[in-house]
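The values are calculated or read from the model by the stated rules, or taken from the named source; none is laboratory data. Since we're looking at a predicted model, the values are computed, not measured. Counting neighbours? That spans all protein chains shown, and the Cβs are built from the backbone with ideal geometry, glycine included.
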């Protein structure tokens with residue numbers, strides 16, 4: 001939900017999704033500790049009553065935000081790329097889309113960085129395992145042996161997270177979109193087969 005300025009009153013009642021988006025934004029900006037009801041309410045121009053209408057407590061909001069991230073940014077992505085016929089094409093599509101979505105990639109890096117938090121850790125571990133297992137299977141389907149496929153995926157995934165953590169902490173703020181696209185193409189050319197073996 002777009003809010004004109006922090007503390008501005010919303011013209012409509014806030015939904016649970018509004019609070020979830022605000023919680024994810026807070027995690028990106030300051031880790032799980034930054035998810036606090038009063039500051040989020042002020043930022044959304046809402047009352048604490050609006051929060052408690054949707055969530056029992058802060059932990060329930062964090063859990064809902066993590067479930068939303070897992071569903072929308074892992075399971076839904078996998079379902080979409082499954083429509084592509086070739087496993088190499090699926091793998092390239094996943095990584096190209098992830099690298100092009102700067103906001104989403106920074107969110108992923110921030111959530112991994114927050115994985116020391118008790119609520120965040122199991123979800124990040126589950127999402128990471130799901131993503132790595134799925135992409136490893138795609139690599140195996142292209143003809144790579146399982147051990148090599150897993151190493152290839154770990155290189156891809158750690159390159160993705162590392163680059164966007166670098167950007168997230170402000171060290172890569174000068175990285176232009178064109179440079180990021182070139183980086184992505186080089187990474188994909190080096191690590192993802194152009195086409196699956198027949």
*asked:* Can you tell me which residue is surrounded by the most Cβ atoms within 10 Å (Cβ to Cβ) among those in the stretch 167-179 that are under 16 Å from residue 104 (Cβ atoms) and modelled with pLDDT of 90 or more?
replied: 168
*Within the stretch 108-124, identify whether any single residue is part of a helix (DSSP H, G or I) and either without any contact (Cβ under 8 Å) to a residue 12 or more places away in the chain or over 30 Å from residue 35 (Cβ atoms) (or both), and answer yes or no.*
yes
*Looking at this structure, is residue 115 out of contact with any strand residue (DSSP E or B) (no Cβ under 7 Å at 6 or more places or on another chain) and in the same structural domain as residue 21 (by TED's automatic domain parsing)?*
no
*asked:* For a quick check of your reading: which helices (runs of 4 or more DSSP H) sit entirely within the stretch 1-69 and have at least 3 residues that are at pLDDT below 95 and closer than 29 Å to residue 165 by Cα?
replied: 16-30, 37-44
*Out of the stretch 124-134, which residues are crowded, with 19+ Cβ neighbours inside 10 Å and over 15 Å from residue 90 (Cβ atoms)?*
124, 127
_Yes/no for residue 97 being surrounded by 17 or more Cβ atoms within 10 Å (Cβ to Cβ), touching a helix residue (DSSP H, G or I) at 6+ places or on another chain (Cβ under 9 Å) and within 28 Å of residue 189 (Cα to Cα)_ = no
*Out of (1) over 17 Å from the mean Cα position of the chain (by Cα); (2) at pLDDT 95 or above; (3) within 19 Å of residue 123 (Cβ to Cβ), what's the single condition that is false for residue 84?*
(3)
